[in-house]
1. Looking at residue 246 and the list (1) closer than 27 Å to residue 65 by Cβ; (2) at pLDDT below 95; (3) buried (at least 21 other Cβ atoms within 10 Å of the Cβ), which single condition is not satisfied?
2. With the structure loaded, tell me whether residue 232 is over 26 Å from residue 65 (Cα atoms), at pLDDT below 95 and not charged (D, E, K, R) or whether it fails that test.
3. Which members of the range 184-224 meet the condition of being crowded, with 19+ Cβ neighbours inside 10 Å and in a loop (DSSP other than H, G, I, E, B)?
4. Could you go through the range 258-267 and let me know if any residue there is hydrophobic (A, V, I, L, M, F, W, C) and either free of Cβ contacts under 8 Å to residues at least 40 places away in the same chain or closer than 19 Å to residue 134 by Cα (or both).
5. Criterion first (buried (at least 21 other Cβ atoms within 10 Å of the Cβ) and either under 16 Å from residue 145 (Cα atoms) or without any contact (Cβ under 8 Å) to a residue 40 or more places away in the chain (or both)) does residue 235 satisfy it?
6. Kindly evaluate residue 217 against the criterion of being under 26 Å from residue 188 (Cα atoms), of a type in the set (Val, Ile, Thr), assigned by TED's automatic domain parsing to the domain that holds residue 158 and in contact (Cβ under 8 Å) with a residue 12 or more places away in the chain.
7. Here is a list of conditions, (1) in contact with a Phe, Trp or Tyr (Cβ under 7 Å, 6 or more places away or on another chain); (2) more than 18 Å from residue 263 (Cβ to Cβ); (3) surrounded by fewer than 21 Cβ atoms within 10 Å (Cβ to Cβ), and residue 167 meets all of them except one; can you say which number that is?
8. Search the range 144-164 for residues being within 17 Å of residue 210 (Cβ to Cβ) and among the polar types (S, T, N, Q), and hand back the single one that is surrounded by the most Cβ atoms within 10 Å (Cβ to Cβ).
Amino acid sequence: MMSDRHIIVTIGGISIAIIPHSDKEFHLPNNCMQFVTSRKPEEFLHVWDCDAPHFSLEKNMFNSGDTSAYVSGEELIIISHSSDKPEALSQKVIRINPRLRSTDLYYRSAENEQYFDPLKHYLFRILMIHIFSQGLGVMVHASGVNDSGRGMMFAGRSGAGKSTMAALWKDRNCTVLGEDTVIIRKIEDRFWLYGVPWKDSTLSSPETCPLEDIFFIEHAQENNIVQEKGTLKSILHHSLFPLWNKPGMKFVTDSLSELVKKVPCYNLGFVPNQSVVDFIRATR
């Protein structure tokens, strides 16, 4: 059953109904509002402003210390722990029912919070990783732009300049799809780049375009570019994996392996100013 206050967002081409269960006013930041759609939902996310009920945690699938995943019947339970006791459910839990394509996210908002914003939590990103790893697409730590229909992805280690690169393309007659994370999907034998509603509202967009270039970036004294043979290793540590799901892991790995074989890859050293935009356009 959907609340009258529900909102449907489209992320990576998948429409998700977000259904809040809270006495507080339902609020989404501006960068999420541009993803709102009138499409029929394909996934349902119920967000509860309360602690999670008791679940029978039958089989541990993954444990990183602060996040763990369990099977409970046909459902998957993913917990963000506030303590080091796995048996003690924290205030942030998601319960995924794949058959119903429905998820419950439980967290108790702070008493001094005026609004109820369900998408700001780490577990929402975990849910997106899970949904897309079910044969739909992969999520990558990268910035992305749509430059007149040409999709370019900029991946790099933390501090390499992903956010800087996104900001430099802003207002250069193109669309910044994402500052920190993008989604890649293969549709009809072609890879497509999608934006996601993370971080800064001015550096994300629900647009999509064909992915034509992958750049592995780092700061440099001058702009330089070298085409490289794409390898799984080169993109692996930039990607987000469903570590709790072996079939999903295989799908992501296989998708990335095919991606770097079919989409040209480059090592890009760049000076963090507008010159790099002109440099890339001149070489592409």
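The values are calculated or read from the model by the stated rules, or taken from the named source; none is laboratory data. Worth saying up front: this structure is predicted, and the values here are computed from it rather than measured. Neighbour counts are summed over all protein chains in view; Cβ atoms, including those assigned to glycine, are modelled from backbone coordinates with ideal geometry.
1. Result: residue 246 passes all but (3).
2. On the way: over 26 Å from residue 65 (Cα atoms): yes; at pLDDT below 95: yes; not charged (D, E, K, R): yes.
So residue 232 fits the description; yes.
3. Within the range 184-224, 195, 196, 197, 198, 204, 205, 206 meet the criteria.
4. Here is the first cut: in the range 258-267, the ones hydrophobic (A, V, I, L, M, F, W, C) are 259-260, 263, 265.
Next, from what is left, pick out any that are either free of Cβ contacts under 8 Å to residues at least 40 places away in the same chain or closer than 19 Å to residue 134 by Cα (or both): 259.
Within the range 258-267, one or more residues are hydrophobic (A, V, I, L, M, F, W, C) and either free of Cβ contacts under 8 Å to residues at least 40 places away in the same chain or closer than 19 Å to residue 134 by Cα (or both).
5. Values: buried (at least 21 other Cβ atoms within 10 Å of the Cβ): yes; either under 16 Å from residue 145 (Cα atoms) or without any contact (Cβ under 8 Å) to a residue 40 or more places away in the chain (or both): no.
In short, no.
6. On the way: under 26 Å from residue 188 (Cα atoms): no; of a type in the set (Val, Ile, Thr): yes; assigned by TED's automatic domain parsing to the domain that holds residue 158: yes; in contact (Cβ under 8 Å) with a residue 12 or more places away in the chain: yes.
Answer is no for this residue.
7. (1)
8. Keep residues of the range 144-164 that are within 17 Å of residue 210 (Cβ to Cβ), which gives 144-154.
Imposing the further condition that a residue be among the polar types (S, T, N, Q) reduces the set to 146, 148.
Numbers: 146: 22, 148: 9.
Step by step, filter the range 144-164, then rank; the result is 146.
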